[in-house]
């Protein structure tokens, strides 16, 4: 079990080892994080024993079980239960009540998410978020990555559209036309973090942009026309 002494790394608790929970545990373990993992399925727990010694098979997710496994010592607890909404809600309620500073819960519907938010959890919609990222990648082959931070704030990494090459930042004016801000420009081993309005776009420039989803749709339409 983990103690509450001085810690150099955050401790993450993961409840539920479906596809989302397993992928999350794997990524966190690869980054060097300390994990406490719970699931009812012995085979799923066996599969993550090489990621953490603190992997527990539990018959229930009542408050006593959560306390016994040491989850109270976590800095962040993530409820990855999707199929059984009642269990998801009760587990989230117990974790929030234990005083864990950050409780994140997976939601399978808007209604489910609203309940989890009212309990004090940060809510994620994995299936929806992956669909958004895929849609943006399919819209244009120039989109290299897309992250939705909120309904209004998105960050995209994309290859400069051909029609912008040879023009200056001021000429293209992404902020005025699309409501998009340039965070940085990458080309080869060079990264420009403070972009001058007179900078002339070059072939193979990779733009890091922030803005609304609608703005990225408009940019995609402009680039393809």
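The values are calculated or read from the model by the stated rules, or taken from the named source; none is laboratory data. Remember, predicted model here, so these are calculated numbers, not experimental data. Here the Cβ positions follow ideal geometry from the backbone for every residue, glycine too, while neighbour counts run over all protein chains shown.
Things worth noting here:
- Filtered by the rule that a residue be in contact with a helix residue (DSSP H, G or I) (Cβ under 9 Å, 6 or more places away or on another chain) and either surrounded by 20 or more Cβ atoms within 10 Å (Cβ to Cβ) or part of a loop (DSSP other than H, G, I, E, B) (or both), segment 61-71 gives 61, 62, 66, 71.
- Some residue of segment 155-171 being touching a helix residue (DSSP H, G or I) at 6+ places or on another chain (Cβ under 7 Å), modelled with pLDDT under 90 and not in a helix (DSSP H, G or I): yes
- For segment 112-120, the criterion of a residue being surrounded by 17 or more Cβ atoms within 10 Å (Cβ to Cβ), without any contact (Cβ under 8 Å) to a residue 60 or more places away in the chain and more than 22 Å from residue 62 (Cβ to Cβ) is satisfied by at least one position.
- Every residue from segment 72-102 that is closer than 14 Å to residue 120 by Cβ, touching a strand residue (DSSP E or B) at 6+ places or on another chain (Cβ under 7 Å) and part of a loop (DSSP other than H, G, I, E, B): 100
- Filter result (modelled with pLDDT of 85 or more and either surrounded by 16 or more Cβ atoms within 10 Å (Cβ to Cβ) or assigned to a helix (DSSP H, G or I) (or both)) within segment 200-214: 201, 205, 206, 207, 208, 209, 210, 211
- Just so you know, in segment 176-194 the residues that are surrounded by 15 or more Cβ atoms within 10 Å (Cβ to Cβ) and not in a strand (DSSP E or B) include one that is nearest to the chain's Cα centre (by Cα), and it is 180.
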